[in-house]
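Peer 1: Starting off with a structure, shown below.
The values are calculated or read from the model by the stated rules, or taken from the named source; none is laboratory data. Keep in mind that what you see is a predicted model, and the values were worked out from it rather than measured. Methodologically, a virtual Cβ is constructed for each residue, glycine included, from the backbone with ideal geometry; neighbour enumeration extends over all protein chains shown. Surface accessibility is based on the protein's heavy atoms, side chains included, excluding ligands, DNA and RNA. Shrake-Rupley method; radii C 1.70, N 1.55, O 1.52, S 1.80 Å.
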Amino acid sequence: MTRMTVIGCGYLGAVHAACMAQLGHDVLGIDVDAAKIAKLQDGIPPFYEPGFPEVLAEQLASGRLRFSSDMADAQGHQVHFVCVGTPQKRNEYAADMAYVDAATTALLPHLSPGDLVVGKSTVPVGTAARLSELVRGVQPEALLAWNPEFLREGFAVQDTLHPDRIVYGLPEGEDGARAKALLDEVYATPLADDTPLVVTDYPTAELVKAAANSFLATKISFINAMAEVCEASGADVTQLADAIGYDTRIGRRFLNSGLGFGGGCLPKDIRAFMARAGELGADQALAFLREIDSINLRRRVRMVDLAREELGGSIVGRRIAVLGLAFKPNSDDIRDSPALNVAAQMRLQGASVVVTDPEAVANAQRLWPDLGYAESAFDAAKDADLVMVLTEWDEYRTLDPVKLGEVVADRRILDGRNALDRDAWRAAGWTYRALGRK
Ligand code: UDX
């Protein structure tokens with residue numbers, strides 16, 4: 001059992017804290033946001049994540065999990081996970097390191113000899129070496145390790161308890177061996193389950209995360225570029241993806257074409273990676289990521305154009321129902337959400353847009369109060385000239401086209417995620433269109 005803190009209780013940190021308690025550790029979650037901490041301490045998750053409310057309640061009850069907004073409470077814990085956000089800087093591609101720097105600096109006075117600071121945030125390569133200097137400057141007998149996090153929203157609990165790999169970025173020599181021993185204790189359960197472990201240096205560990213997210217973004221933009229060619233040539237991108245995906249060297253996962261990627265990670269991570277490569281004089285190496293980003297952003301414009309085409313050349317004053325606002329299903333996260341971006345563009349261009357989402361309405365409403373909000377798909381679709389599915393929640397995938405057809409003004413549907421059963425919708429009298437398909 002390790003006594004640990006988890007600093008930063010957002011999507012990553014709060015789930016990490018609860019899951020570490022589930023693995024038997026004694027965990028203190030710390031965040032500067034006192035309101036968030038009060039909620040967590042009361043067992044109320046500040047965001048939607050399947051399976052998280054149960055783990056939170058169970059671990060609070062076990063007494064192994066507590067929360068605090070006072071960094072001084074970190075004293076007496078041996079391992080300190082830094083899980084704060086690294087958003088994109090305003091008007092720049094680079095990552096904003098203010099939160100990581102503030103959290104680490106605030107922790108410094110409370111470190112004891114033998115403590116281990118573990119960075120989990122996604123950071124520009126070189127950060128671990130810099131923070132290690134900072135830590136050693138104040139507490140020469142404390143250590144720092146880098147341990148990137150790969151969890152996916154919507155599967156965060158499962159990904160934390162059963163990661164597909166664990167990466168340690170360690171200092172050299174004896175210090176590295178001490179840090180490794182502490183991390184091995186933290187991850188004793190997944191390591192006993194034969195989870196692959198990669199032990200490396202700081203810069204490699206930092207780059208693993210940047211490289212993984214860049215690869216995933218590239219895969220999505222690759223298939224979306226193919227979708228553009230499919231549209232131009234009358235081919236079908238979903239069948240193309242199935243066919244190339246059977247090649248195990250390629251694989252079918254992350255080849256779902258549609259509105260493209262969004263969220264708090266992929267878009268800002270590829271931009272921060274380009275910015276950092278530029279600082280290092282390696283900008284040519286990542287020039288292709290600019291194209292990956294452009295292909296991705298084009299999807300959103302194309303989706304609005306498709307709506308315009310469907311409505312005979314203009315969306316002004318037309319009633320459009322948007323099903324889905326979260327950046328992906330099973331999440332209430334609207335950070336850089338393609339769905340919300342498309343809904344907002346159409347509203348700004350004069351359409352009457354009514355949106356809905358199973359979980360993300362409250363978050364979207366704060367950002368875009370001018371959109372019309374509905375409780376359900378049926379409420380949103382009432383009298384609509386066009387229905388658009390922009391986040392592929394199961395409840396939208398399985399909508400009954402016959403029943404929905406009874407409430408709309410016109411049976412026109414745009415499938416922004418290639419997620420619907422095209423034949424069933426056509427059979428129920430709908431005009432069905434999607435990106436990259438005839
Ligand atoms: C991602 C990485 O997957 C995860 O490993 C990392 O730790 C954080 O960033 P996440 O942001 O939760 O996780 O979402 P992910 O499942 O990767 O999806 C990202 C976006 O790509 C979503 O908007 C999703 O809709 C889109 N996507 C995904 C596609 O458009 N097509 C696909 O085939 C897969």
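Peer 1: Right, residue 156: over 18 Å from residue 87 (Cα atoms) and either buried (at least 20 other Cβ atoms within 10 Å of the Cβ) or assigned by TED's automatic domain parsing to the domain that holds residue 393 (or both) or not?
Peer 2: Taking the combined requirement at face value, the residue satisfies it.
Peer 1: Here is a further query. Being in a loop (DSSP other than H, G, I, E, B) and buried (at least 21 other Cβ atoms within 10 Å of the Cβ) is the filter here; which residues of region 255-290 pass it?
Peer 2: 257, 258, 259, 260, 261, 262, 263, 264, 265
Peer 1: Oh, and also: Take region 301-327 and flag every residue that is farther than 20 Å from residue 153 by Cβ, within 16 Å of the ligand (Cβ to nearest atom) and open to solvent by 10 Å² or more (accessible area, probe 1.4 Å).
Peer 2: Matches in region 301-327: 301, 302.
Peer 1: Also, I was wondering about something else. Scan region 149-160 and report the pairs whose first residue is in contact (Cβ under 8 Å) with a residue 40 or more places away in the chain and whose second residue is part of a loop (DSSP other than H, G, I, E, B) and among the small types (Gly, Ala, Ser), with Cβ atoms within less than 6 Å and a gap of 6+ or a chain change.
Peer 2: So the pair list comes out as 153/331; 154/331; 157/51.
Peer 1: Moving on. On the basis of being away from the ligand (no atom under 16 Å from the Cβ), more than 21 Å from residue 125 (Cβ to Cβ) and touching a strand residue (DSSP E or B) at 6+ places or on another chain (Cβ under 9 Å), does residue 191 make the cut?
Peer 2: Here the answer is yes, as residue 191 does meet what is asked.
Peer 1: Which members of region 115-145 meet the condition of being touching a strand residue (DSSP E or B) at 6+ places or on another chain (Cβ under 9 Å), touching a residue at least 60 places away in the same chain (Cβ under 8 Å) and part of a loop (DSSP other than H, G, I, E, B)?
Peer 2: Hits for region 115-145 are 120, 121, 122, 123, 124.
Peer 1: Looking only at region 234-243, how many residues end up being in a helix (DSSP H, G or I) and away from the ligand (no atom under 13 Å from the Cβ)?
Peer 2: The total comes to 3.
Peer 1: Look at residue 250 and say whether it is away from the ligand (no atom under 11 Å from the Cβ) and within 26 Å of residue 286 (Cβ to Cβ).
Peer 2: yes
Peer 1: Among the listed residues 206, 228, which satisfies the condition of being of a type in the set (D, E, K, R), crowded, with 18+ Cβ neighbours inside 10 Å and more than 10 Å from the ligand (Cβ to nearest atom)?
Peer 2: Of 206, 228, the one residue that is of a type in the set (D, E, K, R), crowded, with 18+ Cβ neighbours inside 10 Å and more than 10 Å from the ligand (Cβ to nearest atom) is 206.
Peer 1: Cβ contacts < 6 Å: first residue farther than 22 Å from residue 328 by Cα, restricted to region 41-54; second residue buried (at least 18 other Cβ atoms within 10 Å of the Cβ), any location; separation 6+ or different chain. Result?
Peer 2: Taking only residues 6 or more apart or on different chains, the pairs are 41/67; 43/56; 43/60.
Peer 1: Just to be sure, is residue 426 at pLDDT below 95, outside the structural domain of residue 46 (by TED's automatic domain parsing) and surrounded by fewer than 21 Cβ atoms within 10 Å (Cβ to Cβ)?
Peer 2: Here the answer is no, as residue 426 does not meet what is asked.
Peer 1: Check off (1) within 16 Å of the ligand (Cβ to nearest atom); (2) in contact with a Phe, Trp or Tyr (Cβ under 8 Å, 6 or more places away or on another chain) for residue 122 and give me the number that stays unchecked.
Peer 2: For residue 122, the exception is condition (2).
Peer 1: Further question on the same structure: Restricting to region 328-382, name every residue that is assigned to a loop (DSSP other than H, G, I, E, B) and open to solvent by less than 30 Å² (accessible area, probe 1.4 Å).
Peer 2: If the condition is that a residue be assigned to a loop (DSSP other than H, G, I, E, B) and open to solvent by less than 30 Å² (accessible area, probe 1.4 Å), then 329, 331, 332, 333, 334, 337, 351, 357, 360, 371, 374 are the ones that fit.
Peer 1: Additional query: Under 6 Å between Cβ atoms, at least 6 apart or on separate chains: pull out the pairs that start in region 393-414 with a residue that is in the same structural domain as residue 324 (by TED's automatic domain parsing) and end on any residue that is open to solvent by 80 Å² or more (accessible area, probe 1.4 Å).
Peer 2: That search, which allows pairs on different chains as well, returns 405/411; 407/382; 409/383.
Peer 1: Another one. Is it the case, given these coordinates, that residue 316 is more than 30 Å from residue 12 (Cβ to Cβ), in contact with a Cys (Cβ under 9 Å, 6 or more places away or on another chain), in contact (Cβ under 8 Å) with a residue 12 or more places away in the chain and assigned by TED's automatic domain parsing to the domain that holds residue 363?
Peer 2: no
Peer 1: In region 59-90, which residue that is surrounded by 20 or more Cβ atoms within 10 Å (Cβ to Cβ) and among the polar types (S, T, N, Q) is farthest from residue 38 (Cα to Cα)?
Peer 2: Going through the qualifying residues, I end up with 86.
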